[in-house]
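Heads up, the thing below is written out as C-alpha cells.
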Amino acid sequence: MTYVVTVETCIPEGTPEMDPLQRAGAVSLIEDGFDSVRAVEGPDGLEVDVLDTIVAVHPGGALLKVVVDAPALEFAEDSVRVLVDELLERTELLADWEIERCEVELHQDLALASLEAADGPDAPPDDPVARKARHAEAAVDLATGAGPDAARRSAAMRRRMLELADELRSLPPAGFGVLDGEEGLAVPPESARLAAGALVHATDVLVDELFEDVQVLTQEDATVAECEGPLWHLERLPDRYALQYDAPFARRFLVTAVALTTRFTDGSFQRLGCVAEGLALRLLLSRTTTILELHDLLDDDVAAALDALTDHLYEDMDHEYLYDVHDARDARDARDAHDAYDAHGGGQHEQPGAGGAFEGPLGVAAVPFDAWFTPFQRGRYIHPSAADEPDAAAR
C-alpha cells in the first residue's frame, strides 16, 4: 500500500535561523540524499520502496513528505524515520538536525472506517475513481448527520481543532477579527480559535490531496485538461490554463502550498509571496470551509472569522480575475495586453505589488501564467524548489 509519511525536522536548539542561501543549500542536500535512495530496509528485513519526496525548508528546519510503498503503516513510518535519520547523519552540515515528528497522517473518521472494513465486504475499492466516490459519500453522511454518532464526532473534532489553533503561530486572533479592547462588532475568541484550528487541520488534508494530484498527473504524463484520472484540487485552478498544469507545475504548486502553510505554523509568515501562493490559499480556505461544514461547525461567527482572515491575508483580490475570463475573446485581449506590457519594457502598466501584473481589458490586474511563481516584490519569500529559473526570471 502507498503511504505519505510526514517528517518534521529542526535545526539544533540555540542555532540561528537559516537565511535564504542556507535554506537553498539545505534543500539541495536533502534532495540529493533522497535521490540516492530507491528503497530502504524496514523492520524484519522487509524492503520499502521510496516512490516520491517533497522537501520544504523553512528558517527553523524542514518539512518532508515521503511517499513509500510498504506492507503496513507502521513499516512505512519506521522505515522513513530510519531513512531520514541516516540521511541527516551522513550529511555533515545536517548531522545535528533532529527529527521532531515522523508519521502517516490520516483523516480520523475515514481511517477508522477503512480499518473496520479491511478484508471485509466493505473494503475500500482499488479503483481510485470508485474510492474517491466512496469518500464523497462518507462526506455527505458527515454533512447531513446520516452517519452514526455524528454529534459525538462533531464534538470530538471541535475539541481537536481548538487544540490545533495554538500551532498557527503567524496568525494572531486579530487576523480572525477578534478585537482587543475595542468597541464594535467582533468575532468571539473561541470562534476565531475554531477557525484557526480548522485551517491547520485543512492544511494536512490539502497537502496530502495535492500529493495525490501530482501522482496522477505524473503517472498519466498529462496536463489537467488531458487527465482522465480523479483530481482533488488542480482542476479547480483557472480553467483557461488547464493545458499548462502538468506534473512539473503540480510539483511547484505543491511545494508552494507546503512552504506557505509552514510559514503559517512556524511564525515566519509576513505576506503572500506570489500569485501561486494566493491561489494555494484560496484552495486552503475552501477546504477549511468544507471541513467545518462536514462536521457541522460552520456557524455565522466562524464564517465571519474566515472572512476576516481572507481580508487580512490578501492585499488585493487581483488573483480572482484569473477565474473571471471565460471566453476566447477575453483570453486574447489578455494576451494582447501582456504583449503590450512587454513592448513597453514591463513598466508602463505595472500595478504596485502585483509582481509583474498587467492591466486587463476590464481595468483589473491579470497576471500572466509565467509570472505565477515570481515574487510580488523583492524580498517576498518563494521556496527555492518553486522559484523561477534564473534565466527565466531574467527574461
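The values are calculated or read from the model by the stated rules, or taken from the named source; none is laboratory data. The structure presented is a predicted model; accordingly, all values stated were derived computationally and were not measured. Cβ placement follows ideal geometry from the backbone for every residue including glycine, while neighbour counts extend to all protein chains displayed.
Considering only residues in region 1-59 that are part of a helix (DSSP H, G or I) and among the acidic types (Asp, Glu), the one that is surrounded by the most Cβ atoms within 10 Å (Cβ to Cβ) turns out to be Glu31. Quick check on Leu93: is it closer than 22 Å to Gln22 by Cβ, part of a helix (DSSP H, G or I) and modelled with pLDDT under 90? The answer is yes for Leu93. When we screen Asp296, Asp316, Asp311 for residues that are charged (D, E, K, R) and in a helix (DSSP H, G or I), the only hit is Asp311.
Being surrounded by fewer than 23 Cβ atoms within 10 Å (Cβ to Cβ) and touching a Phe, Trp or Tyr at 6+ places or on another chain (Cβ under 8 Å): is that true of Pro238 here? Yes. Just to be sure, is Leu260 in a helix (DSSP H, G or I), touching a helix residue (DSSP H, G or I) at 6+ places or on another chain (Cβ under 9 Å) and in contact (Cβ under 8 Å) with a residue 60 or more places away in the chain? Criteria not met by Leu260. If you check Thr289, Thr218 for being over 14 Å from the mean Cα position of the chain (by Cα), closer than 26 Å to Arg158 by Cβ, assigned by TED's automatic domain parsing to the domain that holds Asp307 and surrounded by fewer than 21 Cβ atoms within 10 Å (Cβ to Cβ), only one passes: Thr289.
Of the residues screened, Thr6 is not one that is among the polar types (S, T, N, Q) and at pLDDT below 85. Only a single item in (1) under 20 Å from His383 (Cα atoms); (2) in contact (Cβ under 8 Å) with a residue 24 or more places away in the chain is not met by Pro248, and it is number (2).
Of the residues in region 268-284, at least one is in contact with a strand residue (DSSP E or B) (Cβ under 7 Å, 6 or more places away or on another chain) and farther than 14 Å from His233 by Cβ.
In region 172-185, is there at least one residue being outside any helix (DSSP H, G or I), surrounded by 15 or more Cβ atoms within 10 Å (Cβ to Cβ) and in the same structural domain as Leu298 (by TED's automatic domain parsing)? Yes, region 172-185 contains at least one residue that is outside any helix (DSSP H, G or I), surrounded by 15 or more Cβ atoms within 10 Å (Cβ to Cβ) and in the same structural domain as Leu298 (by TED's automatic domain parsing). From Ala143, Ala165, which residue is closer than 18 Å to Asp299 by Cβ, surrounded by 14 or more Cβ atoms within 10 Å (Cβ to Cβ) and at pLDDT below 70? It is Ala143.
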